[in-house]
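Before any comments, here is the structure.
Where a number appears in this text, it was derived from the coordinates with a stated rule and is not lab data. What you see is a predicted model, and the numbers here were worked out from it, not measured in a lab. Heads up, the Cβs are rebuilt from the backbone with ideal geometry, glycines too, and the neighbour counts pull from every protein chain shown.
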Amino acid sequence: MLGNSKSRQRLEYMKDYVVFDLETTGTSCYKDRVVEISAIKVNDKKVTDEFSTLVNPECSIPFYASRVNGITDDMVEDAPLFRTALKDFLNFTGDMVLVGHNIHSFDLKFIYRDAEAYYGKIPGNDYVDTLRMARMCLTELRHHSLSDLATYYNISTEGAHRALNDCRMNQAVYEKMGPILQERLKHMETCPKCGNILMRRTGKFGEFWGCSSYPDCRYTRNI
């Protein structure tokens with residue numbers, strides 16, 4: 001679902017969605033490139049399909065990146081370029097809601113950058129970031145990395161930092177957090193502009209109610 005405007009971040013539990021994850025040559029969405037993209041399609045809470053491919057980044061993969069994800073230059077030598085892999089990924093996801101861990105600040109920036117470069121448009125799929133969800137649902141935890149959440153729920157972390165394994169881990173974590181989020185949402189007020197949750201925030205003039213979709217939605221209200 002390509003268009004000219006970015007999608008809306010949502011804070012809710014979905015029964016139908018696509019979990020996705022990227023592995024890259026580094027952490028900069030300005031200069032680094034994708035080396036793996038994977039996704040899991042979920043319908044009515046059940047996994048119905050998977051998509052995964054290595055990607056030739058057309059550059060050497062730095063040692064520090066390979067040390068984290070285990071992907072080397074030899075492994076991606078005959079892999080498709082991201083122009084092809086991204087098109088296949090977008091065909092796989094269609095217009096379904098995307099779910100992923102820290103995708104708001106990381107993965108989606110790579111997707112938007114390259115989709116705009118290749119096609120002149122960006123995906124308009126709404127999305128749920130499970131990092132933001134975890135910070136609301138599991139306030140008792142000091143850290144909310146995907147591995148931390150999986151460990152908390154006794155979900156295997158074997159193969160972490162390979163995209164498909166992380167998707168499987170993330171899908172299991174999302175299903176665990178879903179009922180907690182639904183219960184919390186019953187007692188929370190929604191934003192009159194976009195429908196997302198209002199959260200208590202603190203600014204230089206004190207506390208206020210702000211939309212949880214900030215900076216996409218900038219609604220505020222005095223306490």
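The spacing between region 137-204 and region 1-49, judged by their C-alpha centroids, is 15 Å. Spacing of the modelled spin labels on Met75 and Ser28, each 7 Å from Cα toward Cβ, amounts to 2.3 nm.
Residues whose amide H lies under 5 Å from that of His144, counting only those 5 or more places away or on a different chain, are absent; hydrogens are built 1.01 Å from N in the peptide plane.
Using the Karplus relation 6.51 cos²θ - 1.76 cosθ + 1.60 with θ = phi - 60°, the per-residue 3J(HN,Hα) values for region 134-142 come to 5, 5, 8, 7, 10, 5, 6, 8, 7 Hz, with x marking Gly and Pro. Taking the number of Cβ atoms within 10 Å of each Cβ as an exposure proxy, the fewest-first ranking of Asp21, Asp129 is Asp129, Asp21.
Let me know the charge dipole size of the chain about its Cα centre in debye, to the nearest 20, where only the beta-carbon of Lys, Arg (+1) and Asp, Glu (-1) is charged.
Details: 29 positive and 30 negative charges, 252 e Å.
That gives a dipole near 1220 debye.
Our coupling estimate for region 174-182, obtained by passing each phi through the Karplus curve with A = 6.51, B = -1.76, C = 1.60 and θ = phi - 60°, is 4, 5, 5, 7, x, x, 5, 4, 4 Hz, Gly and Pro reported as x.
In the chain, a dipole from Cβ-located charges (positive for Lys and Arg, negative for Asp and Glu) runs towards its positive end, and of Ser52, Met177, Cys29 it is Met177 whose Cα lies farthest in that direction.
3J(HN,Hα) along region 35-49: 10, 7, 9, 9, 8, 10, 9, 10, 10, 6, 6, 10, 5, 10, 6 Hz, from the Karplus curve 6.51 cos²θ - 1.76 cosθ + 1.60 with θ = phi - 60°, whole Hz, x for Gly and Pro.
Fully extending the segment from Trp209 to Asp88 would add 39.5 nm, taking 0.36 nm per residue of separation and subtracting the current Cα-Cα distance. Taking 0.36 nm per residue of separation and subtracting the Cα-Cα distance, full extension of the segment from His187 to Arg221 would add 10.5 nm.
Test of understanding: given the chain, find the longest segment containing no GluC sites (Glu not before Pro) that are in a DSSP loop and have at most 13 other Cβ atoms within 10 Å.
Working: sites that count: Glu58, Glu77, Glu140, Glu158, Glu189.
Result, exposed sites excluded: 78-139.
Starting from the eigenvalues of the Cα gyration tensor, five times each then square-rooted, give me the equivalent ellipsoid semi-axes of the chain, largest first, whole Å. Sorted largest first and rounded, they come to 30, 20, 17 Å. Estimated from helices alone, the mean residue ellipticity of the chain at 222 nm is -10000 deg cm²/dmol (sum of -39500 (n - 2.57) over DSSP H runs with n ≥ 4, per residue). Amide H to amide H distances under 5 Å link Leu11 with Ile197, where only residues 5 or more positions off or on other chains count and H is placed in the peptide plane. Working from label points 7 Å from Cα in the Cα-to-Cβ sense, the Thr48 to Ser5 distance is 2.8 nm.
Among DSSP beta bridges whose residues both lie in region 2-185, state the antiparallel percentage, nearest 5.
Of those bridges, close to 70 percent are antiparallel.
Residues whose amide H comes within less than 5 Å of that of His161, counting only those at least five positions distant or on another chain, are Asp166 (H built at 1.01 Å from N in the peptide plane). Can you tell me the orientation of helix 82-93 relative to the chain, as the angle in degrees between its alpha-carbon axis and the longest Cα principal axis, to the nearest 10? That helix lies at roughly 50 degrees to the long axis.
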